[in-house]
Each structure stands twice: as C-alpha cells, then as structure tokens.
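The values are calculated or read from the model by the stated rules, or taken from the named source; none is laboratory data. Since this is a predicted model, take the numbers as computed values, not measurements. The area values use the complete protein model at the heavy-atom level, side chains included, leaving out ligands, DNA and RNA. Shrake-Rupley method; radii C 1.70, N 1.55, O 1.52, S 1.80 Å.
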Amino acid sequence: MSTIAVLPVKRFDDAKQRLGEELRSGTRRALAEAMLTDVLTALRRAKRVDAVVVVTREHAADALARAHDAQTIRDPDEPGHNPAASAGVRWAIEQGARRVVLVPGDCPALDPAEVDDLLLAHPHEDKRVTIVPDRHGTGTNALVLCPPDAIAPSFGTGSCARHRALARDAGAECRIAEPPSLVLDVDTVEDLAQLRATLDARTGGAAHTRGLLARLGRR
C-alpha cells in the first residue's frame, strides 16, 4: 500500500474536556463520535488514501472504523497521543506503506479533495515532512510523512515548530500546508463556535456533526 491514514482516537468519555462549560459529558461523547464518523467518511472518499487505521481503546470507535472499512489496532499501554500515533505509523510500515498522513478525529469539516491535494503535493519519492498547523499556527493538526518514519510524531503544545526542527535534523524537506478543513479542529468553546460558523457558510460535508449541532441549537 502506498498511503495510509493514521487516526489516534482517545476514549470518548475522556474526549473534549475543555468543552465542559458548554456541553455535558454525554453530549461531549456524542460530539466526539459524530466528528470521528465525519472524518472517517471523508477519508474513505479521498482518492489518494489507500487505507485507514484507527488506534484506540474505545469500543465505539472500533465499531465505527470497521463500518467505514478502516482497520483498527489497540492503543498502546503508554498513554498519550504520540505513543498512539507512533503505533499507527509502525503498523502502516508493516503493511508496506510508503507514506502516512496522521489526521485528528476532531476535524469533521474535512474535505476529501483537500486531502487529495495535500497528498498530491507530497510525492512518494522524496524524503519530506508536510505539517498542517492548527488555526493558531502553533500546534499540529496533521502530518504527512514520507517515508513513514521520516520523523517521530511529537504532537502537543508548540508542536509545529518542534516538527519543523525534527524534519531539519532528519535531513527531510519540510513544508507547511493549510488546507482550511484540516486547520480547524475542535478542542475549546471558541473552536466549536468557529466550526458552527464554518459549517453554516458552506453546504455539504460533516453530516453527523451538523445534525448534532442542529439538535443542540434547538434546545
């Protein structure tokens, strides 16, 4: 396989804690599930993604992944996003991937065409790292790695600069890309408001998240 998308997914009960002032725990869980469903749908429609693997211990996420023709592997015992991302990369290498794209499960506006464009600009032949920053420009929402072990994923605060330094140290070409649908993830109340505005301004996509937000708006 040439390109595998890797999605680390934490347990839904632990997801989106920073939305606690806006949403109750059951609603946060439902939101996490809806967003993951929309991301999986978009990745299945992306023509340049050959396979998807979800790294999780969440039974519902496992079921969703299988329903969308994705593979699943168990989240490693070591906690955190980076160990899960690294486990997914190792699995992709074992499957013969020449390139991986690490994508978050909380970018429900994800556009399959933007995923394809992102990968088109990142050829298999080059040792290259493509970083998609978050909308604040400091974190990392997505990484494209060719080869898959070009650098070790290092998500978290300040990760955009950290990934650039890792690419430089590894002798890999590094580029920054900002596809609008991947720049917007949902962690805070402000992010959720921005997502609502983004979805209101366009038609199509994110059907499950749209439906959930519409139901919340009627309360």
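State the three equivalent ellipsoid semi-axes of the stretch 144-183, derived from the C-alpha gyration tensor as the square roots of 5 times its eigenvalues, in descending order and whole Å.
Numbers: eigenvalues 59, 32, 19 Å².
Taking √(5λ) for each eigenvalue gives 17, 13, 10 Å, largest first.
Leaving out ligands and nucleic acids, and using a 1.4 Å probe, what accessible area per residue does the stretch 113-219 come to in Å²? If you can, show how the numbers build up before the last one.
On the way: 5090 Å² over 107 residues.
Using a 1.4 Å probe on heavy atoms only, each residue of the stretch 113-219 averages 48 Å².
With a ≥ b ≥ c the root eigenvalues of the C-alpha gyration tensor of the stretch 31-91, is it rounded (a/c under 1.5), prolate (a/b larger than b/c) or oblate?
Details: a/c = 1.95, a/b = 1.34, b/c = 1.46.
Because a/c hits 1.5 or more and a/b fails to exceed b/c, the stretch 31-91 counts as oblate.
Could you tell me, in Å, what Rg and Dmax come out for the Cα atoms of the stretch 95-171?
12.2, 34
Report which label in (1) 62, 38, 30; (2) 79, 40, 33; (3) 53, 31, 31 holds the value of Cα extents along the principal axes in Å derived from the coordinates of this structure.
(3)
Report the normalised scattering of the stretch 161-216 as log10 I(q)/I(0) at q = 0.15, 0.20 Å⁻¹, calculated by the Debye formula with identical scatterers on the alpha carbons.
-0.59, -0.77
Using helices alone, what [θ] at 222 nm do you get for the chain, with -39,500 (n - 2.57) per DSSP H run of 4 or more residues, divided over all residues and rounded to the nearest 500? Intermediate results must be reported in sequence, preceding the final value.
Working: 8 runs with 92 residues, N = 219.
It lands at -13000 deg cm²/dmol.
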